1. In whole Hz, with x marking every Gly and Pro, tabulate ³J(HN,Hα) for the range 59-69 from phi via Karplus 6.51 cos²θ - 1.76 cosθ + 1.60, θ = phi - 60°.
2. Working out 0.36 nm times the residue gap between Asn123 and Thr8, then minus their Cα-Cα distance, what length gain in nm do you get to one decimal?
3. For Lys41, list the lysines whose Cα falls under 21 Å from its own Cα; do not include residues on the same chain fewer than 8 positions away.
4. So how do Met83, Met192 line up by other beta-carbon neighbours within 10 Å, fewest first?
5. One quarter of the convex hull surface, Cα atoms only: what value does that give for the range 18-129 in nm²?
6. Using DSSP to define loop residues, name the GluC sites (Glu not before Pro) in the range 163-228 whose beta-carbon has at most 14 other beta-carbon atoms within 10 Å.
7. May I ask for log10 I(q)/I(0) of the chain at q = 0.15, 0.16, 0.17 Å⁻¹, from a Debye sum over the Cα atoms as equal point scatterers with solvent left out?
8. Trypsin sites (Lys or Arg not before Pro), restricted to the range 170-228: which are DSSP loop and have at most 13 other Cβ atoms within 10 Å?
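Derivation of every value follows stated rules applied to the coordinates shown; laboratory data play no part. Predicted, not measured: the structure shown is a model, and the values here were computed from it. So basically every Cβ, Gly included, is an ideal-geometry build from the backbone, and we count neighbours across all protein chains shown.
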Amino acid sequence: MIQIYNVTKIYPNGVKALTDVTLRIRKGEFVFLVGPSGAGKSTLTKLLYREELPTRGQIIFNGKNIVRMRSREVPYLRRKIGMVFQDFRLLPQKTVYENVAFALEVTGASPKEIKRSVPAVLNMVGLGEKAGVFPDHLSGGEQQRVCVARAIVNNPVLIMADEPTGNLDPETSWELMKLFLDINRRGTTIIMATHAWDIVDAMKKRVVALSGGRIVRDEEEGAYRYEA
Ligand code: ADP
Ligand code: ADP
């Protein structure tokens, strides 16, 4: 589903964030991206979302070269990708329901579709009873589940999560991981950048390790362990 070929990313300030990265991810995979701060994990995520363009190399997503893609096609790409952030990024003036509905509205979904889908995803993430609540009246774990609901409501083929458990306690983190596993079992590919070594070690999923902008390890049923 994702093919990254010899991608190098040099930011305008001269920082080389990725060097000659080649990576293939199949549909339905669950992939942990690990590596120290500055290794290039976020940059890789941004390239897939086309928030940044590579300096060299190609990226194929669902058969389409997203480097050469026209800007007017970018919204269609992003609709296929659900993003989950460490800091949730919910709209504080909107309720839980409205936050999730908004993600559908911007894609041009009909009111009927919204009325059908939003309660369904809120139930799926266990927030059916909190639809009318504003984000700052929710716990961190609940806010993160709203973020996940918003990410899956468009039925994306890929979920990308950047340090999603970074602001959660251990128990809540595990609840989030169970939710990700559930979403993954339904066929959605998941790429999760994380420092949560205990989660990575327990889940026994594919681990891609970056260090200094290069892939230094890629293992099925991998473990965390930083490279020396
Ligand atoms: P990670 O997510 O693994 O911490 P990043 O992809 O954020 O790594 O960063 C990789 C390198 O690129 C770091 O040296 C970082 O300082 C640099 N970097 C990231 N974003 C930018 C940017 N927008 N402009 C310049 N340098 C950046
Ligand atoms: P229902 O069968 O009542 O629709 P589900 O729990 O099967 O309830 O799913 C609820 C909604 O969550 C679905 O309508 C779908 O939009 C969304 N959903 C469920 N799983 C996924 C998934 N893996 N990826 C994306 N969206 C999903």
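1. Couplings: 10, 9, 10, 6, x, 10, 7, 7, 6, 8, 4 Hz.
2. Working it through step by step, the gained length comes to 37.3 nm.
3. Lys9, Lys16, Lys27, Lys80, Lys204, Lys205
4. The fewest-first ordering by Cβ neighbours comes to Met83, Met192.
5. So the Cα hull casts an average projection of 9.2 nm².
6. Taking the range 163-228 and a limit of 14 other Cβ atoms within 10 Å, the loop GluC sites (Glu not before Pro) found are Glu220, Glu221, Glu227.
7. Debye curve over Cα of the chain, log10 I(q)/I(0) at q = 0.15, 0.16, 0.17 Å⁻¹: -1.02, -1.14, -1.26.
8. Arg186, Lys204, Arg225
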